Amino acid sequence: MVTLSSVIRPLTSQLHRKLIGHARSQRITPVRRCNLTACSSKYVLSQMHPMWQGPLAVPGGDRQSPIDIIVRKSVFDSALKPLVTDYDPETCQQIWNNGYSFLVEYDDTTDKSTLKGGPLQDQFRLCQFHFHWGESNAWGSEHTVDRRLFPAELHLVHWNSDKYSLFEEAVIEDNGLAVIGVFLKVGKRHEGLQKLVDALPAIRHKDSVVEFNKFDPACLLPTNTDNYWTYHGSLTTPPLTEAVTWIVMKQHIEVSHDQLAVFRSLLFTSAEEEVQKSMVNNFRVQQPLCGRTVRSSFTPFLQEAPSAEGDKHHH
């Protein structure tokens with residue numbers, strides 16, 4: 001049986017290629033210089049990364065992502081609810097090296113793998129997840145917390161199925177997408193991630209796709225999903241549309257150095273290309289906050305509240 005998503009996916013990649021092609025033709029040099037620590041590495045991003053090769057038309061919007069989350073400037077919002085994820089591992093379909101990252105894609109033709117709650121009013125369907133990572137463990141995440149970089153960041157991408165009928169529609173509309181961001185830290189081996197890591201050598205080159213079934217993305221979430229930051233932002237890859245409610249987890253997950261090394265063994269290039277390029281540093285540089293508020297579902301400053309004054313010395 002041909003699923004709708006198997007028809008839609010190639011369209012999406014065509015749309016994606018068209019958008020990148022269109023962006024490249026607008027010879028506009030991005031105004032913002034990169035000031036991340038990562039850019040002092042011997043490979044400057046623009047040399048390494050196929051997506052930012054050549055001038056790119058960056059939308060002039062003031063809700064671009066990623067950002068640096070400044071903890072003391074985030075605003076506690078007691079109305080933020082716990083997240084409710086309900087993922088069906090059976091909806092997992094394939095892994096695709098799109099020449100930028102690898103996407104683990106889910107059947108999103110029905111409400112079988114969903115996200116609700118948190119800052120969201122509607123129900124959102126999971127369509128894919130992917131990662132961003134650096135060439136070393138010193139950097140790789142797109143978001144930072146008080147300028148702190150992590151070696152990698154997971155993004156679980158969902159679209160609003162209450163309001164829209166297709167991902168392609170949601171991606172260009174307000175409140176169309178919800179993305180959960182999870183920081184990865186190097187430590188012990190992540191058992192849940194290993195099944196995915198084992199499948200990666202098969203999609204080493206750009207445009208490779210392999211079947212990948214029964215993977216539960218919930219295993220990649222931290223144990224505490226109640227504590228998060230949220231803000232209005234954009235996709236961090238073209239078309240960079242400002243349709244995203246970002247939900248960035250406070251708690252990170254641990255993966256081993258060897259597991260990340262497999263990510264870095266992938267290639268930006270297809271098998272036919274003469275010069276093969278390692279898939280590393282596939283993140284976007286940080287964008288200005290432009291007056292946006294970052295809300296948090298937790299308050300790190302409880303002990304400063306007057307009511308806690310008397311308890312201060314008992315902790």
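A short reminder: the numbers here are calculations on the coordinates, not readings from a lab. In this text, all values refer to a predicted model and were calculated from it rather than measured experimentally. A quick note on method: Cβ atoms are made from the backbone with ideal geometry, for glycine too, and the neighbour counts reach across all protein chains shown.
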key: Neighbourhood net charge (14 Å Cβ-Cβ; Lys/Arg +1, Asp/Glu -1) for H143   = +2
query = Taking the range 67-144, which trypsin sites (Lys or Arg not before Pro) meet the DSSP loop condition and have no more than 10 other C-beta atoms within 10 Å?
reply = none
request  = Of the listed pairs K214/K277; K163/K206; K188/K214, which have alpha-carbon separations greater than 28 Å here?
outcome  = K214/K277; K163/K206
query = When ranked by the protection proxy of mean other Cβ atoms within 10 Å per residue, highest first, what sequence do the peptides 77-88, 161-172 form?
reply = 161-172, 77-88
note = Least to most buried among L177, L235, by other C-beta atoms within 10 Å and fewest first, runs L235, L177
remark   = Note to self: Kirkwood Rh of the range 209-293, Cα pairs, one decimal, Å, is 16.6 Å
inquiry  = Skipping prolines and chain starts, which residues have an amide H placed within reach, meaning under 5 Å, of the one on K277, given they are 5 or more residues away or on another chain?
reply    = F268, T269
